[in-house]
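The values are calculated or read from the model by the stated rules, or taken from the named source; none is laboratory data. Source: prediction; values computed, not measured. Methodologically, a virtual Cβ is constructed for each residue, glycine included, from the backbone with ideal geometry; neighbour enumeration extends over all protein chains shown. Protein only, heavy atoms only, side chains kept; ligands, DNA and RNA dropped before computing areas. Shrake-Rupley method; radii C 1.70, N 1.55, O 1.52, S 1.80 Å.
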Amino acid sequence: MAAASRGALRVVGSSVRKVDGLSKCAGVTKFADDIVLPRMVFCKLHRSPVPHARIVRIDTSKAERMPGVLAVLTGRDLPIPFGILPVSQDEHALCPDKVRFVGDPVAAVAALDEDIAFEAMNAIRVEYEPLDPILSIEDAIRKPSPRIHDYGDEGNIHKKVALEFGDVGRGFAQADEVLEDTFYYEGSTHLPMEQHAAVGMVDPDGKVTVWSSTQTPHYVHRALAKVLEMPPAHIRVIACPNGGGFGGKSDPFNHEIVVAKLALLTGRPVKITLTREEVFYCHRGRHPVLMRIKTGLTKDGAIKAMHFKSYLDGGGYGSYGVASTYYTGALQTVTYNVENYKFEGLRCFTNKPPCGPKRGHGTPQPRFALEVHLDKIAEKLAIDPAELRLRHLVPPGSLTANYLRVGSIGLGKCIEAVVRGSDWSRKFRRLPRGKGIGLACSSYLCGAGLPIYWNNMPHTGVQLRLDRGGGVAVFCGEIDIGQGSDTVLAQVVAEVLGIDPYDIRIVFGDTDLTPVDLGSYSSRVTLMMGNAAIQAAERAREILAKGAAEKLGVPPERLGFADRRVFDVQSPERGMTFPEAVVLAESRFGTIGTVGSYTPPPSAGRYKGAGVGPSPAYSYSAAVVELDVDKETGWIRVERVHLAHDVGQCINPVLVVGQIEGSVYMGLGEALMEEQVFRANRQGVHKAPSMLEYKSPTTMEMPDVVSYIIEDPDPNGPFGAKEVGQGPLLPIPPAVVNAVYDAVGARVDEIPVTPDKILKALASPAKRHGPKGVPDVTWPEPIRVPTPWEAGTAPAPGRAAASRPAPITREPRP
């Protein structure tokens, strides 16, 4: 509805400064930890030092007697469980009877200052009855007891999934070649600059307000109402500007509920700011995933059948884990044609901090496996890796084997751009030993097709209020976590109303003031909020046009809106200012306020599990990585990254390039060094819970990045726009690993690829380092679904489904 062509765009597509940029640069933006309220007190959490144990006794008497301590909470005070998914309501604000990882919160203190709270926290004594800890995927599968949770598919397996689309056995029988590989992708954490923080306050009338560094104020609001047993109308959640989120602030967290409860008990505002070490234990980051992939192909590389297995280490709680499990199997089909597809996945509970969504949620791991697997296939078939991918792209406007509806797809242009820009043909397999070049591709969602709690309501809403002076206030529940969504919102509204983006005031992320938006996750904000904003702005424009048309004596449809004017497009000199048009309309119709909302189109799949993977649109990326490997030490130095991203319609080129470069940075961190790992011989404590010890790239490790913006407007995007916040990360790890192989002729089939692993691969007879196999698991009988071409609802793979205008490429940034 909102992708209609508007001819020449004036604001959309231009690199306007971020609307919140000056405030951030001047240091006046208020983050959650900057909130200071009269009579405010401070909270600290007492956390478990053991990974798995029953709580026998908690003695808080000493802490309660300490001067300056106002309140102490334990799990008995907050007995109602919560969680982000309706199927995984398995967390408590404070553990009532059992701890499930080192760092699980057991008690909370409110005191006059942080020092007293810290001392009181340490004065709490907890007696534990230790239980055998489960610290790996293999342990969880092998040892069904002691169970970490009393729910789940079996033992310590949280979820098992088995789906088959078409006849995979028949596909393998028709293949000329069948290849199998095993891969492992280590877990990593988000590492935002800003730590988690929250402030709870109670009004004199008993209503609660919580300020938080959250990506999902709507779901925090929901969890607070449930655990505190209060009407949602008596709770207000204000999402503060985020100093980075990357998915790590998408869950409702213990500390947000605890400060609200302590505020109710003490009658005073209560603040908590987690230490950096606590942030590492909060986690919810990338799942460690073991993977097995088997593919049957024809001699020209067409995929006749693919069987993908994933094994996820989920940590101590459910979080988004059921969705994460499905995501490891959902998007393999949206880049290259897959004729028959089978997916088996499981998620284990382990006694480690819970995993959840991190930039790319559940898809970087399988994308790594698929793109390295394809590199091996290309070599086996003696086909250039870029050519192999180009031959078998999913056509635009098609349905995949698992019923994902692909709209626009600029992946071909992405591949061509990075191949041309990197001089691929001259370098691939032709560089001196020690120098390598590798290619990989990817795709990602532009928002999930279904809400977490299934219902028929909009996923987002935007409300506009027009001022007589020409100002426009835009209200939306979205939250800018640094990606620039406030600026996108201003640009979209300004484009429709013909005003300057800086004439717009954005009011965001406040459950009392703004319409519901489900949150900043799944790369949903630009597409969903943008469509709602267009609808609201078009309704406002229609009201203004009626008043202005009467004044000018022309039909409303002949009016144009641009440069803060409303004018007759046939005689542009005849018109009025935008404020004059508002005054005319308000004089006739009263106060001007409009709303817009957005609900994604229904998904095409009708099988159990079809709710994960559908999206209104899919973005696409291709990357080429050039690097050096020292074969004596295994040390890698990445020289240059070329990354092309299909963003549909670019709304702000500088923001798009910023997202691409940020994704390259994070992808290189995961590819080369980042590991969220725990010491099995030391009670499962984190190996490196500080920004000093946890390795991540610095400016010294960042290579040159050449960004290519591919524009292939999608019919479901606002002005055709698609996401760019997460997708460009995905091709980086496999492109690095493929480049390492090009450099030294040895394969490292796991992430991160570190110097010691390269040396092990070089020293091994097979010239490979990586997992040797996957655990034996009894999988459930798969849900069998005919593919769209078997059901007669879509053309068979390899046949174009729709003709569309060719994508365009913006030149690389100088």
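Being in contact (Cβ under 8 Å) with a residue 24 or more places away in the chain, open to solvent by 10 Å² or more (accessible area, probe 1.4 Å) and within 29 Å of Gly611 (Cα to Cα) is not true of Tyr444. Screening Ser615 on (1) touching a Leu at 6+ places or on another chain (Cβ under 7 Å); (2) modelled with pLDDT of 95 or more; (3) surrounded by fewer than 17 Cβ atoms within 10 Å (Cβ to Cβ); (4) part of a loop (DSSP other than H, G, I, E, B) shows it passes everything except condition (3).
The set of residues in the range 571-611 that are small (Gly, Ala, Ser), in contact with a Phe, Trp or Tyr (Cβ under 8 Å, 6 or more places away or on another chain) and in contact (Cβ under 8 Å) with a residue 60 or more places away in the chain comprises Ser603, Ala604, Gly605, Gly609, Ala610, Gly611. When the range 390-405 is filtered for residues that are in contact with a helix residue (DSSP H, G or I) (Cβ under 8 Å, 6 or more places away or on another chain) and touching a residue at least 60 places away in the same chain (Cβ under 8 Å), the ones remaining, listed by number, are Val394, Leu399, Thr400, Ala401, Asn402, Tyr403, Leu404.
In the range 168-179, the residues that are in contact (Cβ under 8 Å) with a residue 40 or more places away in the chain and open to solvent by 30 Å² or more (accessible area, probe 1.4 Å) form Cβ pairs under 6 Å with partners that are assigned to a helix (DSSP H, G or I) and among the aromatic types (Phe, Trp, Tyr), at six or more places apart or across chains, as follows: Val178/Phe172. The helices (runs of 4 or more DSSP H) falling completely within the range 196-312 that include 2 or more residues that are open to solvent by 10 Å² or more (accessible area, probe 1.4 Å) and in contact with a Ser or Thr (Cβ under 9 Å, 6 or more places away or on another chain) map to 217-228, 276-282. Could you run through the range 542-598 and say how many residues are farther than 17 Å from Val493 by Cβ and of a type in the set (Ser, Thr, Tyr)? Total satisfying the criteria: 4. Flag: Arg347 does not match the condition of being in contact with a Ser or Thr (Cβ under 6 Å, 6 or more places away or on another chain), surrounded by fewer than 24 Cβ atoms within 10 Å (Cβ to Cβ) and not in a helix (DSSP H, G or I).
Per this entry, Ile148 is not counted among residues that are under 30 Å from Met666 (Cα atoms), among the aliphatic types (A, V, I, L, M) and surrounded by 15 or more Cβ atoms within 10 Å (Cβ to Cβ).
Rundown of residues vs (1) of a type in the set (D, E, K, R); (2) open to solvent by 10 Å² or more (accessible area, probe 1.4 Å), yes/no style:
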site: Phe343; (1), (2): no, no
site: Lys352; (1), (2): yes, yes
site: Gly356; (1), (2): no, no
site: Glu371; (1), (2): yes, no
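Of the residues in the range 733-746, not one is of a type outside the set (Val, Ile, Thr), in contact (Cβ under 8 Å) with a residue 40 or more places away in the chain, part of a loop (DSSP other than H, G, I, E, B) and open to solvent by less than 30 Å² (accessible area, probe 1.4 Å). Look at (1) in contact (Cβ under 8 Å) with a residue 40 or more places away in the chain; (2) more than 27 Å from the chain's Cα centre (by Cα); (3) open to solvent by 40 Å² or more (accessible area, probe 1.4 Å) and you find that Val496 fails only one, number (3).
The number of residues in the range 652-685 being over 24 Å from Val748 (Cβ atoms) and either in contact with a Leu (Cβ under 6 Å, 6 or more places away or on another chain) or touching a residue at least 60 places away in the same chain (Cβ under 8 Å) (or both) comes to 12. Inside the range 462-485, residues that are closer than 17 Å to Tyr521 by Cβ and either open to solvent by less than 10 Å² (accessible area, probe 1.4 Å) or free of Cβ contacts under 8 Å to residues at least 12 places away in the same chain (or both) make up a count of 7.
Taking (1) touching a residue at least 24 places away in the same chain (Cβ under 8 Å); (2) in a loop (DSSP other than H, G, I, E, B); (3) open to solvent by 20 Å² or more (accessible area, probe 1.4 Å) in turn, Glu632 satisfies each apart from (1).
Looking only at the range 114-168, residues that are more than 30 Å from Thr400 (Cα to Cα) and in a strand (DSSP E or B) come to 7 in all. For the range 35-80, enumerate the residues that are open to solvent by less than 70 Å² (accessible area, probe 1.4 Å), in contact (Cβ under 8 Å) with a residue 60 or more places away in the chain and not in a strand (DSSP E or B). If the condition is that a residue be open to solvent by less than 70 Å² (accessible area, probe 1.4 Å), in contact (Cβ under 8 Å) with a residue 60 or more places away in the chain and not in a strand (DSSP E or B), then Ile35, Leu37, Met40, Ser48, Val50, Pro51, His52, Thr60, Ala63, Asp77, Leu78, Ile80 are the ones that fit. For the range 23-59, a tally of residues being among the aliphatic types (A, V, I, L, M) and either at pLDDT below 95 or over 16 Å from Ala197 (Cα atoms) (or both) returns 7.
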